[in-house]
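What follows is a short report on a single structure.
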Amino acid sequence: MSDSSAFKHEEAVFRAHGGLLRTSQAIKLGIHPRRLYGMREAKLIEPLSRGLYRLASLPPLSLPDLATVALKIPQGVICLISALAFHEITTQIPHEVHVALRKGSRKPRLSYPPIRFFWLSEEDFEAGIGIHKADGTKVRIYCPEKTVADCFKFRNRIGLDVAVEALQSWLKKKRNPAVLLKYARLCRVEKVIKHHLKVPQERSVLGGASVVRDAMPVRIVPRGDETADLKYWLGKSPEERVSAVEFLREQYYAMMGYKSLPRLAHDIQIRRRA
């Protein structure tokens, strides 16, 4: 008798539940622990993580990490870069699964895959959840609009460039901006997102003069040759360096949605050279 036929009933239970079962689920469904471990020894099932098994005869997983997380952390929601990748509105390659949890929830323990958790308020957590299928498993994932808004909310943790790229990719799909702004208001990032939807801004600059100035697009790139950068700026006058800093300040506050430029206190410290 082949190993497969010896575990015919157990295989049927696995298939009836999408081919993926946690150890606790399998036992509740009538599979004795010895039979479960026997299937593992016979290589009829393969472990995806501790306590999570999948039928080895099934086609290769296309989204194994999302399926694993959905089964191990059913109270979580796939968010940020992981959700962007699922909706195909980013060029980022996820190296960990981003999971949202309700504020106050305990951090789950999972050896695999690598997970990064984000805690959200009740209202923020519940908004925009969609149910999708990943390798036959139901996975909770935020909709594209909620995901883009969350990326701007957590831009200091995942990078502003990631959020801006996601917004640009989302716009190319010709979606409804009103839906995006609804989630932007919820996430309190409406001003910054509106700035990237409509670039020209009118604001005051130092000295009280009111000007209309287009916020130039800033692209964040990997750090390059620091020696060349230092040589370049050392060749500039102090006035040119201060002017460059002022320009960067204007770009930053424009991206943050400010209508006026906050005053800058110039503190000069004079040191005696040895």
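The values are calculated or read from the model by the stated rules, or taken from the named source; none is laboratory data. Nothing here was measured: the structure is a model prediction, and the numbers come from that model. Cβ placement follows ideal geometry from the backbone for every residue including glycine, while neighbour counts extend to all protein chains displayed.
What to note about this one:
- Test: SER111 is hydroxyl-bearing (Ser, Thr, Tyr), surrounded by fewer than 22 Cβ atoms within 10 Å (Cβ to Cβ) and more than 18 Å from VAL69 (Cα to Cα): no
Listed here are the residues, each with its yes/no results for (1) closer than 24 Å to GLU122 by Cα; (2) in a loop (DSSP other than H, G, I, E, B); (3) at pLDDT below 90.
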site: VAL148; (1), (2), (3): yes, no, no
site: ALA163; (1), (2), (3): yes, no, no
site: LEU167; (1), (2), (3): no, no, no
site: LYS174; (1), (2), (3): no, yes, yes
site: ARG188; (1), (2), (3): yes, yes, no
site: HIS196; (1), (2), (3): no, no, yes
site: GLY208; (1), (2), (3): no, yes, yes
site: VAL211; (1), (2), (3): no, no, yes
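- Within the stretch 9-41, the set of residues being hydroxyl-bearing (Ser, Thr, Tyr) and touching a helix residue (DSSP H, G or I) at 6+ places or on another chain (Cβ under 9 Å) comprises THR23 only.
- Hits in the stretch 120-170 (condition: over 14 Å from ILE78 (Cβ atoms) and of a type in the set (Asp, Glu)): GLU122, GLU123, ASP124, GLU126, GLU145, ASP161, GLU165
- Residue within the stretch 52-75 that is within 30 Å of TRP170 (Cβ to Cβ), among the hydroxyl-bearing types (Ser, Thr, Tyr) and surrounded by 14 or more Cβ atoms within 10 Å (Cβ to Cβ) present: yes
- Of the candidates GLY159, GLY136, the single residue that is at pLDDT below 90 and over 20 Å from LEU84 (Cβ atoms) is GLY136.
- Residue in the stretch 16-36 that is part of a helix (DSSP H, G or I), under 22 Å from ALA127 (Cβ atoms) and modelled with pLDDT of 90 or more present: no
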